[in-house]
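Asks: My questions will all concern the structure given below.
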Amino acid sequence: MINPNVSKEPKLIFSIFKDYGPEILFNNSEVEENTALTLVMSGMTLVEMNKGSIGKVDGTKNPKMLGPIPVPDHENIKAIAIPFETEITSSADERIAASGYRLCVAYFLFEGIAVREVLDSYGLIEPYFTLIARGLQRESGIDPSSIKKMYTRMIDMFSGKIPRIYGVNQDNTLKEMIGKRLEYADTYLLCDMDKKVMYILLYNPSVDVWRKRDIFKTASELNSTMFRSALRIKTIEDVKEMTRILDVLNIEISPV
């Protein structure tokens, strides 16, 4: 998973606000429909109270995760909500027609305390969701098939198939990166959750010994705080080996 303490795949309840109210378009959880609708209605109330959380999946504004939200009749399950607007096809509701958008909310359901571990990963989940949900930016493109495709790609991230990558800034702060083409940095921390290894890729060959020490300290702190020291740290300085690792993961680095 994106965090070693999250051991079970989340389920998804996906809702859209139609002219007549909220409708559930996708539900692969154990939560039955009436209870799921109660969750959706309480979640949409929370979203309306936090309008700044509503984003778009056209790349202009990442939606913000809300929660954890309790799931009615399921004490051991919590949900996180990701709200976004989709461009309408048509609407008889004057307010929706005037805005041109409908509200959609994706609820990812996690068991036990796992949701708290997920909340540590805001920096990855929000932009990644925006990236892989582009097909949902218009109402005409939203159906069970397209929602399931989005869900499957999110599961790839939650399951660790998508590595977590951080650029190390000169002041040793970290910037998490997503996508197949990374902006340039002199050092990357590539966290392969599947192999349980954190690669320190010293992309700049002129990094001095003091800088290397600081980078290793930063990597160790990240491993401890985010991944509960579950990853083995391996420093890579050979360009060919870096290229091999990046090629296997289908990642490339933008030129300076």
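Derivation of every value follows stated rules applied to the coordinates shown; laboratory data play no part. Just so you know, these numbers come straight off a predicted model, no measurement behind them. Here the Cβ positions follow ideal geometry from the backbone for every residue, glycine too, while neighbour counts run over all protein chains shown.
Asks: To the nearest 10 degrees, how steeply does helix 144-158 sit against the main Cα axis of the chain, on a 0 to 90 scale?
Replies: Between the helix axis and the principal axis of the chain, the angle is about 30 degrees.
Asks: With r as the distance between the Cβ atoms of residue 197 and residue 176 and R0 = 22 Å, compute the FRET efficiency 1/(1 + (r/R0)^6) and round to 0.05.
Replies: FRET efficiency, residue 176 to residue 197: 0.80.
Asks: Pairs 64/196; 61/149; 64/180; 161/234; 195/240; 149/180: which are spaced more than 24 Å apart, C-alpha to C-alpha?
Replies: 64/196
Asks: Right, here's the next one. Rounded, prolate or oblate, given the Cα gyration tensor of region 164-253, with a/c below 1.5 counting as rounded?
Replies: It is rounded, given that a/c, with a ≥ b ≥ c, falls under 1.5.
Asks: So for the chain, considering every pair of alpha-carbon atoms, how many percent are separated by more than 24 Å?
Replies: 51 percent
Asks: Going by the alpha-carbon gyration tensor, a ≥ b ≥ c the square roots of its eigenvalues, is region 8-130 rounded (a/c under 1.5) or, if a/c is not under 1.5, prolate (a/b greater than b/c) versus oblate?
Replies: oblate
Asks: Quick one: what are the phi-derived ³J(HN,Hα) couplings along region 52-65, Karplus 6.51/-1.76/1.60 with θ = phi - 60°, whole Hz, x for glycine and proline?
Replies: These are the phi-based 3J(HN,Hα) values: x, 7, 6, x, 10, 9, 9, x, 8, 7, 5, x, 9, 5 Hz.
Asks: How about region 43-77: which trypsin sites (Lys or Arg not before Pro) there lie in a loop by DSSP and see at most 14 other Cβ atoms within 10 Å?
Replies: Of the trypsin sites (Lys or Arg not before Pro), the ones in loops of region 43-77 whose Cβ has at most 14 other Cβ atoms within 10 Å are 61.
Asks: Name the long-range amide H neighbours of residue 252: under 5 Å, sequence gap of 5 or more, or other chain; modelled H, no Pro or chain starts.
Replies: 181, 182
Asks: Calculate how steeply helix 122-132 sits against the longest principal axis of the alpha-carbon atoms of the chain, using the helix alpha-carbon long axis, and give the answer as 0 to 90 degrees to the nearest 10.
Replies: The angle comes out near 70 degrees.
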